[in-house]
Amino acid sequence: MSNQENDLLSRRNAIKFGVASLSSVGLVSGAQAHKSGDLIQTPFVVAQTLIPIAGSDAEFPVRRVYCIGRNYAAHAREMGSDPTREPPFFFQKPTDAIQFVAPNKLVDHPYPSLTKNYHYEVELVAALNKGGKNIPVEKALEHVFGYALGLDMTRRDLQRFMGDQKKPWEIGKSFDHSAPIGPIFRVSQIGHFTKGAISLSVNGVVKQKANLDQMIWSVAEQIAKLSEANELFPGDIIYSGTPENVGPVIRGDVIRCTIDNLPDLSIKIV
């Protein structure tokens, strides 16, 4: 096969598997290792994780999924933590944990393996189109491309068991389909979320209900603090914490999530 044929095959595979360029949605990469337009030859193609952008045919390419822990005081208390304003802590989920949930549709969500205590956590998600290191709080929101409604699904029994063993509890948070998310809405469409109702119901019964202004650390503060530990890049998304009253679901349960000014997100546990 000629080099030209190889190039053509690689490009076709890139399209087939959803490999997107950051520039296709107006994002500028700070970590490009090759000149723009260069085609890298690889032995296989890995699909890029993409989230639809509301109101357009474009999709947001996900680089990293960050999550902040215990960012509402009442939730911190129910998890056995002191809700005083101690430094925030973050963890990550793999990008392929993303499960896209179309607005106003009920989407099947598989009950995961290894757990008997599967928990919901509704969250606002911020998506970045600019990166940086040591980003000042007053400049942080300039890095936000848009927002989405998301769920941080958790194998709580595994998380607690590993914590009790003084071992990393990644297995409780980072697994297939553990990050359901709706479409991303650009800031130009909806503005920034500094307040607004956030809630979650199971089978029509409200379980979580709070206001975004009850976050211990605002989205701007989260970006600033996170950038002290890691250089942020376009394509990073941040799950910004969940209110109190997290709890278990079983097969057949329907979870419905709401945040003011975003379409509802609904999944059925199967």
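Only the coordinates and a few stated rules stand behind these numbers; no lab work does. This is a predicted model, so every value here is computed, not measured. Every residue, glycine as well, gets a Cβ built from its backbone with ideal geometry; the counts of neighbours run over all protein chains shown.
Some notes on this structure:
- In this calculation the C-beta distance from Lys195 to Asn245 is compared with R0 = 22 Å, giving a FRET efficiency of 0.65.
- Annotation: peptides 237-248, 120-131, ranked by per-residue average of other Cβ atoms within 10 Å with the highest first, follow the order 120-131, 237-248.
- Proximity of backbone amide H atoms, modeled 1.01 Å from N, is registered between Gly132 and Leu232, Phe233 at under 5 Å, excluding neighbours fewer than 5 places apart on the same chain.
- Here the simple spin-label model places points 7 Å from the Cα toward Cβ, and for Val45 and Asp164 these points are separated by 4.7 nm.
- Using 0.36 nm per residue and subtracting the Cα-Cα separation, the extra length available between Lys268 and Asn134 on full extension is 44.2 nm.
- Each of Ile184, His143, Gln99 was scored by the projection of its Cα onto the charge dipole of the stretch 50-269, and the greatest displacement toward the positive side belongs to Gln99; charges sit on the C-beta of Lys, Arg, Asp and Glu.
- Nearby lysines by direct alpha-carbon distance to Lys130 (threshold 24 angstrom, same-chain neighbours under 8 apart not counted): Lys35, Lys93, Lys139, Lys195, Lys225
- Only Lys, Arg, Asp and Glu carry charge here, each on its Cβ (+1 for the first two, -1 for the last two); on that basis the stretch 210-270 has a dipole of about 360 debye about its Cα centre.
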